[in-house]
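**Q** This structure is in structure tokens; I'll ask about it shortly.
The values are calculated or read from the model by the stated rules, or taken from the named source; none is laboratory data. Treat the numbers as computed from the prediction; the structure is a model and nothing was measured. Don't worry about glycine lacking a Cβ; one is built from the backbone with ideal geometry, like all the others, and counts go over all protein chains shown. The protein model used for the area step is the full one, side chains on, heavy atoms only, and it has no ligands, DNA or RNA in it. Shrake-Rupley method; radii C 1.70, N 1.55, O 1.52, S 1.80 Å.
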Amino acid sequence: MAKPIPNQANVVVIGGGVIGTSLAYHLAKAGERDVVLLERKQLTCGTTWHAAGLIGQIRSTYEMTQLALYTTDLYKDILRDETGQDTGYRQNGGIGVAADAEKFEEIKRLVSTGKAWGLEIDLVTPEEIKNLWPLINTDDLYGGFYTPTEGQASPVDVTNAFAAGARALGAQIFEGVKVTAIHQANGKVTGVSTSRGDIKADVVVNCGGMWGREIGKMAGVNVPLHACEHFYVHTEKMDADVLPPTLPTLREQGASAYYREDAGSLLIGFFEPVAKPWGMGGIADDHSFETLPEDWDHLMPQLEMAMHRVPQVGETEIRSFFNGPESFTPDDQFHMGEAPNLKNFFVACGFNSIGIQSGGVMKALAEWIIQGYPPYEMWVNDIRRVYSFQGTDRYLHDRVSETLGLLYAHHYPYRQYESSRNVRQVALHEKWQSLNACFGETAGWERPNWFAPDGVEPKYDYSFGRQNWFEYSAAEHNAVRNNVGLIELSTFAKIDVDGKDACAALQNICTNNVDVEPGRMVYTQWLNARGGIEADLTVTRLAENSFRVTTSAATSNRELNWLAQNIPDDAHCFAKEVTTAYSILGLMGPNARKVLSKLTSSDLSLEGFPFARAREIEIGCVPVLACRITYVGELGWELVIPAEMSRHVFDLVWEAGAEFGMKPVGMHAMDSLRLEKAYRHFGHDINDGDSPVQAGLTFACKLRTDIPFIGRDVVERQRDEGVDRLLVQFKLDESEPLLLHNEPVFRDGDCVGYLTSGNYGHYLGAAMGLGYVTNKDGLCTPEFINAGSYEIEVSCERFSATASLAPMHDPRNERIKC
């Protein structure tokens, strides 16, 4: 008889693929032994069993790269030594190749970043590639990279090793048990119902792979992912002297293909540019170890490119054509973390064909579950980043058709998605469109990124150099510095916090003092108990018991979740998002006052309308909340307008600005402007692992008062004892190179960090960046920063740079407060 399932557990893990078993193993290893894993059929039967088993290392963030390095060690030694179960791991190395100049530029940037992040990675010539991989045709290659520590593993063996390790540590694993419901009470998960009975649980984790979206729906949690057909072929077996088992993994992302030796055959996998979504009508209940029909016509363009790159493919029979479903997400980043609307319900799915490579990531999730917060900065994967519309059938069908192919595309800076667009539009969308805006997308919002002049099509021409919009954005940038510009800011998220206890609640959450008179604006951070920055925003006191939080477009779910966690249950305090109720126009630049003076009789002088004040003025027939604040480092106002009246106000402002040659200004220019001013950007320059002391933001902390706030003790301790890293602004001494982000920073020849953001400073005349400098031998002080000589590496070449802890543009804020 089948072993009875327990009626209670501390943690229930749903899904028996590599992710679920890895989580059970890491939870048990971290001390949480009361773990129950439930698999609807058999372990590995969904996607894991047919994964290609590539174990790459370089990832989009430093934190994910470190976890990938841990994964390598885990599969190579740790699991085998602990469990006796072989993982099939072979450290054959990995090669990436480029057949065009743009891809080679991307590879060179990747090599620079990889070395700064601790990877063993080198640039290699076509001749060196040929020596490493004799079957390859290198005639048209520019070069590539080689990582000797990359490897391959058997997905089934890895999963069985995780399962064996979890069981040995006390976790229980049940196959043939389907979860049919997820129970909750008072906003917290309480357990699950299964085909074999109910289990009460303190924590439930969705590791359901391509079933993850449906499991999320059981809990009322949005988990946007969808399966696509994923293809690979096997050739007939070749002699070992032709195809040795030690051959490195080969990737040619520009041709959408990867190659690896597999039991004497050459396995060739594909990430074709336009993918085929699968399972739109749902996944059959009996789906297990199933394959999908062949589609030679769909795959033939990629196969032809494979025959060019590896001529042996054209000379060897194809033994098998494999087609199996894998899940993909709207942004090619997996979903992880606690659901924002259901406490103790965690998500770990949507791994975009790198689940085997990400088994070590579950170490981080296990620590997150046990200690209550993530051990690393993981915002790029945090489930709180997604929005409800991204979980709809139509959105996912269209978007994953694109994102699968983007895994192996040219990863151009500023690249915009082409699918599932125009879902969210601001009230003034057509106005910006009439001004020849080129739109980009953030959190579904269509925003003007740059404006094309008359006669020029507002369309991206991507490259790793100066793109086609560079000079147009430069003109917008300099219009704000020298004259006046108008910026679409309506997508800023707006959250109203009201109630007689609103001030007290916000005082505890905010680092800065928000108990100010109505009409004052306060720049502040929200910290966690470790002193890390959870949010970066402004709070405007509208009335005695009414406040407005204004934050970035992509983080409103995060901010609402943080408020829900930290407003006391018994407080008379209520938070409500009102983003779509208001448009915001940013009128910025030295002539902003002159333009606005033509539209209102209100006193706009420095004395009559000081910086960081908000008051109601009349523009035409509309009462507008004018906020004297800036994210570009110039005199200006953010005009907050009822959305239904914003066209009227726009027309009046645009007409008034015509006398001064006012320009429309896009998001790219706003980013370059804020970098010249060294304004921080959440998600890049500051995150929940960075403190105000490290980020140079203690001026926004009410440390001169005795008012407590979350994380205050950590900020005070770091202020008094010092820290080992500080956020620094950089400007290249040469005007030609471009900075994007992740470029390594060298101090006196030693790598001391990397850039968290980069752009071109059109007013200052060179590329700018922000990045943390670490003193590996002690405290990082202003004296340490100022005593160093700096270089920044771009595409494997170092360029001298000037470093500054103070903003290089208007360090005394004289232009802002004029």
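**Q** Give me the distance in nm between label points sitting 7 Å out from Cα along the Cα-to-Cβ direction at Val578 and Ala181, one decimal.
**A** Result: 4.0 nm between the two label points.
**Q** Computed over the Cα atoms of region 728-818, what is the convex hull's projected area averaged over all directions, in nm²?
**A** It is 6.1 nm².
**Q** Using the alpha carbons of region 554-642, what is the convex hull volume per residue in cubic angstrom, as a whole number?
**A** Considering the Cα atoms of region 554-642, their hull volume per residue is 134 Å³.
**Q** First obtain the Kirkwood hydrodynamic radius of region 405-547 from its Cα pairs, then insert it into the Stokes-Einstein equation at 20 °C and 1.002 mPa s, and state the resulting D in µm² per second as a whole number.
**A** 115
**Q** Convert each backbone phi in region 553-561 into a coupling constant with the Karplus relation 6.51 cos²θ - 1.76 cosθ + 1.60 (shift: θ = phi - 60°), then list the ³J(HN,Hα) values in order as whole Hz, x for Gly and Pro.
**A** Running phi through 6.51 cos²θ - 1.76 cosθ + 1.60 with θ = phi - 60° gives 4, 8, 10, 4, 4, 4, 5, 5, 5 Hz.
**Q** Hey, another quick one. Averaged per residue, what accessible surface does the chain expose to a 1.4 Å probe, in Å²?
**A** So the chain comes to 37 Å² accessible per residue, rounded to a whole number.
**Q** List the equivalent ellipsoid semi-axes of region 1-142 in whole Å, largest first, each obtained as the square root of 5λ for an eigenvalue λ of the Cα gyration tensor.
**A** Working from the Cα gyration tensor, I get semi-axes of 39, 17, 14 Å.
**Q** Let me ask something additional. Could you tell me the largest-minus-smallest coordinate of the C-alpha atoms of region 604-706 on each of the three principal axes, in descending order and whole angstroms?
**A** 45, 35, 27 Å, listed from the longest principal axis down.
**Q** In square nanometres, what is the average projected area of the Cα convex hull of region 437-494?
**A** 5.1
**Q** Right, something else. Assuming R0 = 22 Å, what is the FRET efficiency of Glu721 and Ser804, from their Cβ-Cβ distance, to the nearest 0.05?
**A** Here the calculated transfer efficiency is 0.35.
**Q** Which length gain, in nm to one decimal place, applies between Glu618 and Tyr70 when the Cα-Cα distance is subtracted from 0.36 nm times their residue separation?
**A** In short, 191.3 nm is gained.
**Q** With r as the distance between the Cβ atoms of Lys594 and Cys796 and R0 = 60 Å, compute the FRET efficiency 1/(1 + (r/R0)^6) and round to 0.05.
**A** 0.80
**Q** How far, in nm, would the chain grow between Lys237 and Thr705 when pulled straight, counting 0.36 nm per residue and subtracting the alpha carbon separation?
**A** 161.0 nm
**Q** Additional query: If you bin every alpha carbon distance in region 674-735 into 5 Å steps from zero, what whole percent lands in each bin?
**A** 4, 14, 25, 22, 16, 11, 4, 2, 1, 0
**Q** A further question on this structure: Run the simple label-point estimate for Asp569 and His298 please: 7 Å along Cα→C-beta, distance reported in nm.
**A** 5.0
**Q** Looking only at region 86-120, which residues have a backbone nitrogen under 16 Å from a spot 7 Å from the Cα of Asp461 in the C-beta direction?
**A** In region 86-120, the label zone of Asp461 (backbone N under 16 Å from the point 7 Å along Cα→Cβ) covers 102.
**Q** Return the long-range amide H neighbours of Ala493 (sequence gap of 5 or more, or a different chain), with a cut-off of under 5 Å between placed amide H atoms.
**A** HN-HN under 5 Å from Ala493: Thr551, Ser552, Ala553.
**Q** Please report, in whole Å, how far the alpha carbons of the chain spread along each principal axis, starting with the longest.
**A** Cα extents, longest axis first: 83, 64, 54 Å.
**Q** To continue, here is another question. HN-Hα J couplings of region 333-341 from phi, Karplus 6.51/-1.76/1.60, θ = phi - 60°, integer Hz, Gly and Pro as x?
**A** Ordered by residue, 3J(HN,Hα) equals 10, 6, 9, 8, x, 7, 4, x, 10 Hz.
**Q** Right, something else. In region 724-818, what GluC sites (Glu not before Pro) fall in a loop by DSSP, with at most 15 other Cβ atoms inside 10 Å?
**A** Glu734, Glu814
**Q** Out of all Cα-Cα pairs in region 216-342, roughly what percent, to the nearest whole number, are more than 27 Å apart?
**A** In whole percent, the long-distance tail amounts to 32.
**Q** Per the helix-only calculation at 222 nm, which mean residue ellipticity applies to the chain, given -39500 (n - 2.57) for every DSSP H run of n ≥ 4 and division by its residues, nearest 500 deg cm²/dmol?
**A** Here the helix-only value at 222 nm equals -7500 deg cm²/dmol.
**Q** Another one. Once the Cα atoms of helix 155-168 and of the chain are each reduced to a long axis, what angle between those two axes, in degrees from 0 to 90 to the nearest 10, is obtained?
**A** Approximately 80 degrees, to the nearest 10.
**Q** Give me the percent relative contact order of region 36-146, please, defined on Cα pairs under 8 angstrom at least 6 residues apart.
**A** Across region 36-146, relative contact order equals 24 percent.
**Q** Once you sort the root eigenvalues of the Cα gyration tensor of region 535-576 as a ≥ b ≥ c, which label holds: rounded (a/c under 1.5), prolate (a/b larger than b/c) or oblate (the other case)?
**A** Verdict is oblate for region 535-576.
**Q** Which order do the peptides 801-808, 674-681 take when ranked by the mean count of other beta-carbon atoms within 10 Å per residue, highest first?
**A** Peptide ranking by packing, descending: 674-681, 801-808.
**Q** Something else about it: Taking all protein chains as present, what is the carbon and sulfur share of the accessible area of region 162-319, in % to the nearest whole number, probe 1.4 Å?
**A** 51
**Q** Moving on. Placing +1 at every Lys and Arg Cβ and -1 at every Asp and Glu Cβ, with all other atoms neutral, what dipole size does region 137-220 have around its Cα centre, in debye to the nearest 20?
**A** For this selection, approximately 700 debye.
**Q** With a ≥ b ≥ c the root eigenvalues of the C-alpha gyration tensor of region 698-772, is it rounded (a/c under 1.5), prolate (a/b larger than b/c) or oblate?
**A** Taking the square roots of the gyration eigenvalues as a ≥ b ≥ c, region 698-772 is prolate.
**Q** Taking Cα atoms of region 368-441, Rg/Rh with Kirkwood Rh, to two decimals?
**A** Using only Cα positions, Rg/Rh for region 368-441 is 1.06.
**Q** Moving to a separate point now. If you roll a 1.4 angstrom probe over the protein chains with everything in place, what fraction of the accessible area of region 684-818 belongs to carbon and sulfur, to the nearest %?
**A** 45
**Q** Amide H to amide H under 5 Å from Lys276: which residues, 5+ apart in sequence or cross-chain, H placed 1.01 Å off N in plane?
**A** Glu229
**Q** Find, to one decimal place in angstroms, the Kirkwood hydrodynamic radius of region 273-381, where the mean of 1/r is taken over every pair of different Cα atoms and then inverted.
**A** Mean inverse Cα-Cα distance, inverted, gives 17.5 Å.
**Q** Arrange the peptides 230-240, 163-173 so that the one whose residues have, on average, the most other Cβ atoms within 10 Å appears first.
**A** 163-173, 230-240
**Q** Hey, another quick one. Out of region 290-340, which GluC sites (Glu not before Pro) are coil in DSSP terms and have no more than 12 other C-beta atoms within 10 Å?
**A** Listed in order of number, the matching sites are Glu317.
**Q** Of the DSSP beta bridges with both residues in the chain, give the percent that are antiparallel, rounding to the nearest 5.
**A** Antiparallel: roughly 80 percent of the beta bridges in the chain.
**Q** Using 7 Å Cα-to-Cβ label points, what is the Lys817/His648 separation (nm, one decimal)?
**A** Here the modelled spin labels are 3.7 nm apart.
**Q** Another question about this same structure. Given 0.36 nm per residue, what is the gain on full extension from Tyr523 to Glu783 after removing their alpha carbon distance, in nm?
**A** 90.8 nm
**Q** Tabulate in residue order the Karplus-calculated ³J(HN,Hα) for region 606-611, using 6.51 cos²θ - 1.76 cosθ + 1.60 with θ = phi - 60°, rounded to whole Hz; enter x for Gly and Pro.
**A** 4, 6, x, 8, x, 4
**Q** Normalising by the residue count of the chain, find the relative contact order in percent from Cα pairs under 8 Å and 6+ residues apart.
**A** Computed over the chain, the figure is 11 percent.
**Q** Name the residues whose placed amide hydrogens come within less than 5 Å of the amide hydrogen of Cys796, ignoring near sequence neighbours (fewer than 5 apart) on the same chain.
**A** Amide H neighbours of Cys796: Ser112.
**Q** Would you please name the trypsin sites (Lys or Arg not before Pro) within region 442-503 that are DSSP coil residues with at most 16 other C-beta atoms within 10 Å of their C-beta?
**A** Lys459, Arg466, Lys500
**Q** Right, here's the next one. Ratio of alpha-carbon Rg to the 2.2 N^0.38 Å globular estimate for region 162-289, to two decimals, please.
**A** Output field value: 1.48.
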